[in-house]
Amino acid sequence: MALEEAEADQQHQTSLAVWDLACPVVIGRSVRMKVGVKCSAGCQLTDREIEIHDQTGAVVARAALGSEPWPGTSGLYWTELDFRVPAESGTHKWAVTSAHGNAFSNFDFITVQPPDHTLTFRVTEKATHSPLQDVEIRLDAYRASSDAQGLTTIELPKGNYALSVWKMGYEHFSTDFDVTDTRTIEVEIAVEPEPKQLYWM
Amino acid sequence: MAVSRRRFLKEGALGVGATALAGVPAQAQIRWDRMADVVVVGAGASGLPAAIMARDGGASVIVIEANHDIGGHAMLSGGRVPLGGGTSMQKKYGIVDSADQVYLDHTNHKDSEFRYCDRDLVRIWANENAATFEFLIDNGVKFNDEKPDFVNEGTVPRLCVAQVFSPDLNETINGSPGSGVVRPLEKNARAKGAEILLKHKMTRIIRENPTSGTVLGITARFEDKDVNIRGRKGVILATGGHTSNVAFRRMFDPRLTEEYQVAGEPWTKQNADGEMLAMAIGASLWGTSNQSNDAGRGVTKTRHIGVRYGYQNLKWNPKSPMFAQAGGSGLTIRSFQNLILVNQVGQRFWNEMDNSYAFLSACLGTNGNLGRNGKANGGGPIWAIFDADAVKREEWDPKPPNVDPNGWFFTADTIAELAGKIKNPYQLRPISASVLEQSVNKYNSYVDAGKDAEFGKPAPMYKIQKPPFYAAWSTPILHDTLTGLKINTKCQVIDRSDQVIPGLYACGETAGGFALHGLPRVTVFGRIAGREAAGANGS
């Protein structure tokens with residue numbers, strides 16, 4: 001490493017972003033996420049290394065940053081990497097570090113027991129019965145978003161969950177829900193009436 | 001020949017000029033540059049009806065306006081006029097109403113917006129509802145021909161909406177229906193002979209003695225000179241309220257420090273001219289609890305973020321002649337699920353989905369400020385923090401003219417970098433990168449868990465994770481002036497000894513006692529003030 005590079009590693013204010021990390025993750029499985037690094041001095045960070053550390057500080061994954069900044073950013077060099085999550089279920093607080101700038105950032109994820117069942121959701125609009133895309137389905141920490149056919153699946157253990165169905169511009173729907181078997185669930189949601197124009201001003 | 005006091009004043013008014021006479025108050029030595037029976041101060045939705053009514057009553061009228069154009073805040077308003085009591089529009093659609101019902105609907109003790117109002121004023125307002133609606137129509141205001149709607153917890157449909165005056169933004173300023181109220185009134189006022197003097201800012205109310213006697217006229221500043229304008233029958237204050245005056249508004253709510261912007265600015269400022277100058281000659285305030293009541297539209301949640309003026313029902317049009325001063329239109333929020341709100345230290349402080357006054361109180365809270373540095377009041381800036389996914393979901397284009405990057409909107413590649421970029425005149429200290437990162441990480445963990453453990457945001461849906469990241473000004477914005485000068489049912493201003501100040505009238509948001517939002521209050525009392533001033537005996 002050149003001297004200038006080593007100094008930059010120590011001195012440049014650098015920060016990180018972590019995104020596209022699926023949640024929850026089944027215990028013991030591999031998961032993929034993206035990590036970006038930004039140097040305030042505008043350094044080109046291609047091939048610079050980032051590391052993932054577990055809660056003990058042990059390195060669980062390493063990767064080199066790519067050559068192109070993430071679209072829409074001014075200089076966020078990024079990479080995608082896989083790592084294996086712990087075998088214990090629960091919430092985990094890990095960290096990602098960048099040698100450049102001695103930067104680090106925490107990130108959380110939830111691990112869960114392997115699923116017992118698969119729920120398939122088919123979401124339609126109440127009045128027209130047409131499929132609805134990008135509807136958020138949540139069962140506590142389990143979540144998915146419907147595709148163009150209004151379909152999505154969630155794998156989860158049996159149990160009682162708070163089911164929540166939400167899409168911007170539509171009425172929010174929530175209920176208690178018992179997961180006892182693998183099945184398909186039809187969900188209809190209605191367009192939320194446009195709020196009347198406020199009288200204010 | 002002995003010169004009587006009244007005779008001297010009249011001669012002075014005719015331009016005889018200033019002559020020092022022993023025993024004659026200094027105010028009587030005014031050289032009057034202009035004169036009329038009635039002087040109206042302010043050419044908005046209260047001053048213009050006052051001017052027309054005074055002319056209809058046979059008085060000569062001069063209107064002064066501090067702005068370069070007429071209209072005041074009403075120019076930018078929604079033109080929504082809920083007047084009832086049996087208007088022609090109500091009758092057309094078979095709606096039965098009465099002045100009594102209007103009164104009852106606006107004095108309901110269960111309604112905290114009306115609970116603290118002066119019921120004598122509400123009663124005269126109710127009596128004049130229907131006549132004022134017809135007055136507006138008679139003076140050129142065109143309403144949409146639609147069945148009136150319910151508002152203000154009313155039991156009877158009363159709301160009618162004015163039509164935008166024209167497609168010309170130079171006439172309407174922002175294309176708002178309020179232009180359909182004030183422009184026709186302006187044209188009718190001028191056609192009926194009222195003279196309107198623009199860019200005249202009132203600097204003094206001239207009374208016979210500093211705190212006694214009749215009000216004789218006003219002094220206005222025009223360009224670099226003072227203009228003394230005599231009002232033989234009266235002076236009507238319709239200056240539009242006090243919300244823009246930080247010192248004045250803080251008399252009622254010390255929290256409302258300078259970071260709070262005002263709806264209607266930068267077109268016009270509600271700078272308390274009328275109230276302060278009237279108080280200087282002895283006037284009283286009235287119904288002051290209305291201004292610090294936890295209800296109504298004194299303080300409002302912003303909806304168009306990333307700009308200085310993000311009032312929820314006023315989105316600045318990039319083609320408006322005022323757009324350069326407004327700075328941006330704002331990103332209109334469809335769902336607060338798409339963002340978090342953080343305070344001046346970068347921490348979340350409340351459920352973003354809440355639209356109640358509790359949310360506003362949280363915004364106005366201490367928000368991490370321990371008050372050690374002499375700036376304990378005010379809640380400080382509130383920033384919306386969101387990511388690229390939110391931009392996509394909301395279908396925003398986070399660039400000018402939609403946002404104002406000059407201190408009201410910031411973009412960065414990471415949350416830590418974003419914290420360092422937030423610089424604004426009201427952001428007194430930088431936001432700590434680690435604090436903002438913690439806030440975002442904590443919120444993201446709530447999204448993962450499906451539950452907001454801190455503030456109970458219902459089913460938090462989306463993480464803030466995908467670059468780039470954004471910070472947008474989302475501080476509450478002030479709107480209504482809900483207290484002002486004490487008036488009686490003739491709109492005469494009352495002094496601190498509970499006596500009428502002869503020759504002085506107030507209406508619109510300059511007057512206190514009735515905390516009703518918007519056009520129905522100001523048009524009715526403007527009309528009353530004009531009529532009463534025209535009918536007064538001259539001084």
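Looking only at segment B:454-473, filter to residues that are closer than 16 Å to residue B:359 by Cβ and open to solvent by 30 Å² or more (accessible area, probe 1.4 Å); which one of those is farthest from the other protein chains (Cβ to nearest Cβ)? Ranking the qualifying residues of segment B:454-473, first place goes to B:455. Within segment B:114-129, the set of residues being open to solvent by less than 40 Å² (accessible area, probe 1.4 Å) and either closer than 27 Å to residue B:312 by Cβ or touching a strand residue (DSSP E or B) at 6+ places or on another chain (Cβ under 9 Å) (or both) comprises B:114, B:117, B:118, B:121, B:122, B:125, B:129. In segment B:315-330, how many residues are within 14 Å of chain A (Cβ to nearest Cβ), crowded, with 24+ Cβ neighbours inside 10 Å and under 30 Å from residue B:447 (Cβ atoms)? Counting residues in segment B:315-330 that are within 14 Å of chain A (Cβ to nearest Cβ), crowded, with 24+ Cβ neighbours inside 10 Å and under 30 Å from residue B:447 (Cβ atoms) gives 0. Please verify whether segment A:4-13 includes one or more residues that are open to solvent by 20 Å² or more (accessible area, probe 1.4 Å), at pLDDT 95 or above and either farther than 30 Å from residue A:90 by Cα or among the β-branched types (Val, Ile, Thr) (or both). Within segment A:4-13, not a single residue is open to solvent by 20 Å² or more (accessible area, probe 1.4 Å), at pLDDT 95 or above and either farther than 30 Å from residue A:90 by Cα or among the β-branched types (Val, Ile, Thr) (or both).
In segment B:412-425, is there at least one residue being of a type in the set (Gly, Ala, Ser), open to solvent by 10 Å² or more (accessible area, probe 1.4 Å), part of a loop (DSSP other than H, G, I, E, B) and touching a strand residue (DSSP E or B) at 6+ places or on another chain (Cβ under 9 Å)? No, segment B:412-425 contains no residue that is of a type in the set (Gly, Ala, Ser), open to solvent by 10 Å² or more (accessible area, probe 1.4 Å), part of a loop (DSSP other than H, G, I, E, B) and touching a strand residue (DSSP E or B) at 6+ places or on another chain (Cβ under 9 Å).
Please work out if residue A:61 is of a type in the set (A, V, I, L, M), without any contact (Cβ under 8 Å) to a residue 60 or more places away in the chain and within 17 Å of residue A:17 (Cβ to Cβ). Give the steps one after another, and end with the answer.
Details: of a type in the set (A, V, I, L, M): yes; without any contact (Cβ under 8 Å) to a residue 60 or more places away in the chain: yes; within 17 Å of residue A:17 (Cβ to Cβ): yes.
Here the answer is yes, as residue A:61 does meet what is asked.
Being assigned to a strand (DSSP E or B), of a type outside the set (Val, Ile, Thr) and crowded, with 20+ Cβ neighbours inside 10 Å is the filter here; which residues of segment B:245-284 pass it? So that I can check it myself, show each step before the final result.
Narrowing segment B:245-284 to residues assigned to a strand (DSSP E or B): B:262-266, B:283.
Adding the requirement that they be of a type outside the set (Val, Ile, Thr) leaves B:263-266, B:283.
Selection gives B:263, B:264, B:265, B:283.
How many residues are among the acidic types (Asp, Glu) and at positive phi when one looks only at segment B:87-124? Total meeting the criteria: 0.
Tell me, which residue of segment B:287-314 that is of a type in the set (S, T, N, Q) and within 14 Å of chain A (Cβ to nearest Cβ) is surrounded by the most Cβ atoms within 10 Å (Cβ to Cβ)?
Narrowing segment B:287-314 to residues of a type in the set (S, T, N, Q): B:288-293, B:300, B:302, B:312-313.
Narrowing the set further to residues that are within 14 Å of chain A (Cβ to nearest Cβ) leaves B:300, B:302, B:312-313.
Numbers: B:300: 21, B:302: 25, B:312: 20, B:313: 20.
Looking at residues that are of a type in the set (S, T, N, Q) and within 14 Å of chain A (Cβ to nearest Cβ), I get B:302.
Against the conditions (1) in contact with a Leu (Cβ under 7 Å, 6 or more places away or on another chain); (2) closer than 24 Å to residue B:56 by Cα, residue B:174 satisfies every one except (2).
Contact map, segment A:124-144: residues that are within 14 Å of chain B (Cβ to nearest Cβ) and closer than 13 Å to residue A:187 by Cα paired with residues that are open to solvent by 20 Å² or more (accessible area, probe 1.4 Å) and assigned to a loop (DSSP other than H, G, I, E, B), Cβ distance under 6 Å, separation 6+ or inter-chain. Pairs shown: A:133/A:148; A:135/A:167; A:138/B:450. Only residues that are of a type in the set (Val, Ile, Thr), surrounded by 18 or more Cβ atoms within 10 Å (Cβ to Cβ) and in a loop (DSSP other than H, G, I, E, B) were counted across segment A:26-44, and they come to 0. The residues of segment B:332-349 that are more than 12 Å from residue B:436 (Cα to Cα), of a type in the set (Val, Ile, Thr) and crowded, with 23+ Cβ neighbours inside 10 Å amount to a single one, B:333. Just checking, which of A:105, A:164 is within 14 Å of chain B (Cβ to nearest Cβ), surrounded by 12 or more Cβ atoms within 10 Å (Cβ to Cβ), hydroxyl-bearing (Ser, Thr, Tyr) and under 30 Å from residue A:14 (Cα atoms)? Exactly one of A:105, A:164 is within 14 Å of chain B (Cβ to nearest Cβ), surrounded by 12 or more Cβ atoms within 10 Å (Cβ to Cβ), hydroxyl-bearing (Ser, Thr, Tyr) and under 30 Å from residue A:14 (Cα atoms), namely A:105.
Which fully enclosed strands (runs of 3 or more DSSP E) of segment B:444-539 have 2 or more residues being among the aromatic types (Phe, Trp, Tyr) and under 30 Å from residue B:297 (Cβ atoms)? Steps first, answer last, please.
Numbers: elements: B:469-473, B:492-494, B:500-506.
Counting at least 2 such residues, we get B:469-473.
Filtered by the rule that a residue be loosely packed, with under 13 Cβ neighbours inside 10 Å, outside any strand (DSSP E or B) and within 14 Å of another protein chain (Cβ to nearest Cβ), segment A:56-84 gives A:68, A:71. Being over 24 Å from the mean Cα position of the chain (by Cα) and farther than 19 Å from residue B:480 by Cα is a property that residue B:66 lacks. Could you please let me know if residue B:355 is more than 14 Å from chain A (Cβ to nearest Cβ) and part of a loop (DSSP other than H, G, I, E, B)? Judged against the criteria, residue B:355 is not a match.
For segment B:361-375, the set of residues classified as open to solvent by 50 Å² or more (accessible area, probe 1.4 Å) and either more than 15 Å from residue B:426 (Cβ to Cβ) or outside any loop (DSSP other than H, G, I, E, B) (or both) consists of B:366, B:370, B:372, B:374, listed by residue number. Contact map, segment B:419-435: first residue over 25 Å from residue A:17 (Cα atoms), second residue of a type outside the set (A, V, I, L, M) and surrounded by fewer than 14 Cβ atoms within 10 Å (Cβ to Cβ), Cβ cut-off under 7 Å, separation 6 or more or different chains; pairs are B:426/B:258; B:428/B:375. Apart from one condition, residue B:486 fits all of (1) more than 28 Å from residue B:139 (Cβ to Cβ); (2) of a type in the set (D, E, K, R); (3) surrounded by fewer than 24 Cβ atoms within 10 Å (Cβ to Cβ); the exception is (3).
The values are calculated or read from the model by the stated rules, or taken from the named source; none is laboratory data. All of these numbers come straight from a predicted model, not from anything done at the bench. Cβ coordinates were reconstructed from backbone atoms using ideal geometry, including for glycine residues, and neighbour counts include every protein chain displayed. Note: accessible area is taken over every heavy atom of the protein model, side chains too, but ligands, DNA and RNA are not part of it. Shrake-Rupley method; radii C 1.70, N 1.55, O 1.52, S 1.80 Å.
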